[in-house]
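Structure, as structure tokens:
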Amino acid sequence: MSEPTTTKALLVGIEKYEAGENWNLNGPAHDVIRMAKWLISKKVPPENLTIFLSPLDNDNNRETIEQARELTGSEPAPATKSNIREELSRLQNKSHSLFLFYWGGHGWVTLEGKRRLFYADTQEGDERNLDFNDFLVTARSDYYRAMRQQLFIVDTCANYMPHIKNPPRDELGKKEPMFSPEQFVLFAGKLGDRAKNLDSEQTGLYTRELLTELYSLFFNETWPPNMEAISARLQRKFIDLRAQGLTEQTPTYLWSRDWSGNERNFGQMPVAPALEITTPPFTVKMPKRLSVQELSQLLNLLSEIDALKNRQRRDVIVNQLRPEISNSISRADDTITDILNIFNTSRNYSGGLKELLDFTEVFARNSIQFQALIQTITHILPEECQSITHILPEESQ
């Protein structure tokens with residue numbers, strides 16, 4: 001079982017590239033600092049964080065180097081090929097319950113569908129890059145056998161760059177013998193996508209939303225967090241962002257085994273495979289999008305139930321929900337917002353609404369307010385209510 005105290009993190013943030021100013025990004029170095037602060041807040045020892053930074057040449061961005069030094073007690077090295085390769089080699093045969101790898105910067109996809117991540121010392125005609133597909137395979141070799149849980153987060157573009165004809169391949173070597181780590185990979189976009197960077201906020205859009213999710217977790221969240229649940233919420237968030245015209249990217253994820261040892265059918269990846277992920281690797285039927293009037297009506301009915309008005313009883317109900325639901329709810333101080341967050345989050349999970357209503361019924365079984373809520377929910381959300389007819393008032397069945 002993984003623990004924060006035995007977690008190792010390698011964090012890469014590249015804003016400035018030797019290839020020229022048109023490669024500049026304003027944000028990845030700051031995102032690495034934010035990620036490091038979150039890890040430390042979760043009790044990951046600062047000395048277990050290795051940071052590589054290549055910030056822009058201005059006071060605000062260079063300040064991230066001092067921030068990294070203060071956080072970890074060591075000097076962050078530039079994010080060059082030699083520095084990062086040396087660290088990946090040093091980590092071989094090291095023992096850590098969880099290995100977390102974060103990369104923010106530029107990336108691209110070859111015509112064969114292979115993801116590549118540019119090092120800071122890439123140049124026109126010498127596009128130095130980490131073959132990420134190859135790295136995933138190497139991370140499942142005997143070199144990293146003592147890191148049985150692995151989490152990779154890649155906030156880079158995944159668009160095609162056909163003008164790069166013969167990019168060098170930075171392969172990491174040994175692939176055999178293989179073992180089966182619990183390996184989870186998060187991508188800011190599917191193949192062909194450009195990941196949005198928010199210069200004004202000095203952050204990548206995907207990392208901003210991911211950190212919002214991570215910081216909303218309860219203090220007693222399991223370690224590592226339930227990344228599938230987080231990924232599902234991020235996909236839902238990006239559906240809304242795309243609908244608003246704020247981005248075009250579609251975050252995706254994959255795993256070879258989840259944190260519980262369950263295998264997802266991606267097969268044993270051969271050396272340097274093509275990650276042909278063009279749609280999210282799982283199918284989620286999203287809950288019906290409620291109109292303002294429908295949501296307002298349901299919220300008014302929910303807030304009329306005594307069991308939900310009372311904070312202590314609300315806490316009891318939430319604590320009875322499945323951990324992936326209860327730990328995903330962003331609790332609020334005011335009653336209305338708290339009830340809204342509980343309701344919306346429960347609906348994001350299969351059977352979640354039924355669970356919420358079942359446990360609420362324990363406190364409000366015979367109340368007129370609860371029966372009115374059930375009748376209204378059944379009318380507005382008939383598909384989600386097919387399994388809760390046992391708590392409908394008799395005349396409504």
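General observations
- 3 or more residues in contact (Cβ under 8 Å) with a residue 12 or more places away in the chain and touching a Phe, Trp or Tyr at 6+ places or on another chain (Cβ under 7 Å): qualifying helices (runs of 4 or more DSSP H) within region 291-363: 311-320
- Single residue of region 174-212 satisfying the filter (modelled with pLDDT under 90 and among the hydrophobic types (A, V, I, L, M, F, W, C)) that is farthest from the chain's Cα centre (by Cα): 178
- Condition check for residue 66: assigned to a helix (DSSP H, G or I) and free of Cβ contacts under 8 Å to residues at least 24 places away in the same chain: yes
- Residue within region 92-103 that is surrounded by fewer than 19 Cβ atoms within 10 Å (Cβ to Cβ) and under 21 Å from the mean Cα position of the chain (by Cα) present: yes
- Filtered residues of region 16-36 (kept if of a type in the set (S, T, N, Q) and in a helix (DSSP H, G or I)): 22
- When region 104-145 is filtered for residues that are among the acidic types (Asp, Glu) and either in contact (Cβ under 8 Å) with a residue 40 or more places away in the chain or within 14 Å of residue 17 (Cβ to Cβ) (or both), the ones remaining, listed by number, are 112, 121, 124, 126, 127, 131, 134.
- Among the residues making up region 350-373, those that are under 28 Å from residue 233 (Cα atoms) and not aromatic (Phe, Trp, Tyr) are 350, 351, 352, 353, 354, 355, 356, 357, 358, 360, 361, 373.
Yes/no per residue for (1) among the polar types (S, T, N, Q); (2) modelled with pLDDT under 90:
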{"residue": "293", "(1), (2)": "yes, yes"}
{"residue": "299", "(1), (2)": "no, no"}
{"residue": "312", "(1), (2)": "yes, yes"}
{"residue": "317", "(1), (2)": "no, no"}
{"residue": "352", "(1), (2)": "no, yes"}
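- Region 317-338, residues that are within 23 Å of the chain's Cα centre (by Cα) and loosely packed, with under 14 Cβ neighbours inside 10 Å: 332
- For region 144-173, a tally of residues being of a type in the set (Gly, Ala, Ser) and either under 26 Å from the mean Cα position of the chain (by Cα) or at pLDDT 90 or above (or both) returns 2.
- In the set (1) at pLDDT 95 or above; (2) within 16 Å of residue 197 (Cα to Cα); (3) surrounded by fewer than 19 Cβ atoms within 10 Å (Cβ to Cβ), residue 26 fails one condition alone, (3).
The values are calculated or read from the model by the stated rules, or taken from the named source; none is laboratory data. Remember, it's a predicted structure, so these values are computed and weren't measured experimentally. Ideal geometry is used to build each Cβ from the backbone, glycine not excepted, and the neighbour counts take in all protein chains shown.
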